[in-house]
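J.: My structure is below; once you've seen it, I'll send some questions.
The values are calculated or read from the model by the stated rules, or taken from the named source; none is laboratory data. Keep in mind it's a predicted model, so treat the numbers as computed, not measured. Cβ sites come from the backbone with ideal geometry, for glycine too, and all protein chains shown count toward neighbours. Heads up: the accessible areas ignore ligands, DNA and RNA and are worked out on the full protein's heavy atoms, side chains in. Shrake-Rupley method; radii C 1.70, N 1.55, O 1.52, S 1.80 Å.
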Amino acid sequence: MADRFYTPDPLPVGEYVLTGPEAHHLATVRRFGPGDRVVLFNGDGHDYPAEVVATDRKRAVLTISPLRAVDRELPFRLEVSAAMPKGDRGDFLVEKLTELGVARFVPLLTARTVVEPRESRLDKLRQLVIEASKQCGRNVLMEVGPLTRWTDYLAATGPGAARFILHPPADGSSEPAGIRQGGSGGIVIAVGPEGGFADEEVAAAEAAGWRRVSLGPRVMRVETAAIAAAAWASIAGRQPPGG
Ligand code: SAH
């Protein structure tokens, strides 16, 4: 999966000139040259096999072969929202959710959110989605953002999806409630900030039909909880509702 390069451009069969950081990565970092075969992708769900024709410091000229339809997406839509952890832990979260096949990640603004990512930070996270997709073979980019207030998120996330709010059990009980498929709208998982969701925030979600889920008696970091729940959903969600 390593010989993959991203471009936002359409990729019809024939000659294509790759420029910018991806061309630098191809020619200078990975040292691909004439005759080498690579794969381009543009997020439309396909692999575009290509042969390198020529390279220089700024560009790589390639010949694109007919596209290959390869589906590396989950068989259902998985969305994760979370109050962003700080710095590198936020990077880690976005990289891992991309690898797990999450379709959309929404940073949440909750009562106890400390990190409020600006648009420039979200753009950096979108770049990380591209890097992770190059590595893991995804041909559809995980959508990131925008920063959304919890009440707005509840209002916008309708009952078509099976919706779960992660909240550690108050009594320390270890019985995990199940993440599972609900209807055709996929699965949505919400994760709180390090200070946790406020009681009113949990109550508002439950009143809107969200189910509360425990991951056991240990209090996890935001990114651990989000990744564990996404991994759980990625397997449990393959079962049809009631299956
Ligand atoms: N002191 C906070 C802990 C927050 S941990 C509290 O008691 O709520 C950060 C977030 O990760 C939580 O808001 C929750 O969404 C998720 N999380 C961490 N551990 C969890 C667990 N054992 N079960 C369910 N969610 C958990």
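J.: Can you list the lysines whose alpha carbon is less than 17 Å from that of LYS96, not counting same-chain residues fewer than 8 positions off?
T.: Once the sequence-local lysines are set aside, what remains near LYS96 is LYS86, LYS124, LYS134.
J.: Something else about it: Would you mind getting the accessible area per residue of the range 78-236, heavy atoms of the protein chains only, 1.4 Å probe, in Å²?
T.: 43
J.: To continue, here is another question. If I model a spin label at ASP3 and ASP56 as a point 7 Å from the Cα along the Cα→Cβ vector, what separation in nanometres do I get?
T.: 2.5
J.: Leaving out ligands, DNA and RNA but keeping every protein chain, what accessible area does ASP36 have, in Å² rounded to the nearest 10, with a 1.4 Å probe?
T.: For ASP36, solvent-accessible area is about 60 Å².
J.: How far apart, in nm, are the 7 Å Cα→Cβ label points at ASP91 and GLU131?
T.: Placing both labels 7 Å beyond Cα along the Cβ direction yields 0.5 nm.
J.: If you don't mind, there's one more thing I want to ask. Given the peptides 141-150, 66-75, 96-105, 209-218, arrange them by the average over their residues of other C-beta atoms within 10 Å, most packed first.
T.: 96-105, 141-150, 209-218, 66-75
J.: Ok, one more. Amide H neighbours of ASP36 under 5 Å, counting only residues 5+ apart in sequence or on other chains, H built in-plane at 1.01 Å?
T.: Placed amide hydrogens put VAL52 under 5 Å from ASP36.
J.: Another one. To the nearest Å, what is the center-to-center distance of the range 1-65 and the range 107-131, using C-alpha atoms only?
T.: Distance between centres, Cα-based: 29 Å.
J.: Right, something else. Could you work out the per residue convex hull volume over the alpha carbons of the chain, in cubic angstrom?
T.: Taking the convex hull of the Cα positions in the chain, it is 128 Å³ per residue.
J.: Quick check: net charge around ALA60, other residues with Cβ under 14 Å of its Cβ, Lys/Arg +1 and Asp/Glu -1?
T.: 0
J.: Suppose every K and R has +1 on its Cβ and every D and E has -1 on its Cβ; what is the size of the dipole of the range 112-243 about the Cα centre, in Debye to the nearest 20?
T.: 480
J.: Let me spell out the model: positive unit charges on the Cβ of Lys and Arg, negative unit charges on the Cβ of Asp and Glu, origin at the Cα centre of the chain. What dipole size does that give, in debye rounded to 20?
T.: Rounded to the nearest 20 debye, it is 300 debye.
J.: Of all accessible surface on the chain at a 1.4 Å probe, what whole percent is carbon and sulfur?
T.: Percent of accessible area from carbon and sulfur atoms in the chain: 53.
J.: Still on this structure, I have one more. Please list, ordered by chain and number, the residues whose modelled amide H lies under 5 Å from the amide H of VAL144; skip anything fewer than 5 residues away on the same chain.
T.: PHE105
J.: Could I ask something else about it? Using only the Cα atoms of the range 118-243, what are the Rg and Dmax in Å?
T.: Cα-based Rg and Dmax for the range 118-243 come out at 15.4, 43 Å.
J.: Express in nm, to one decimal, how much length is gained between ARG68 and ASP171 on full extension, taking 0.36 nm for each residue of separation and deducting their alpha carbon distance.
T.: 31.9 nm
J.: At a Förster radius of 22 Å, what calculated FRET efficiency corresponds to the Cβ-Cβ distance of GLU206 and THR151, to the nearest 0.05?
T.: Efficiency, from the Cβ-Cβ distance: 0.95.
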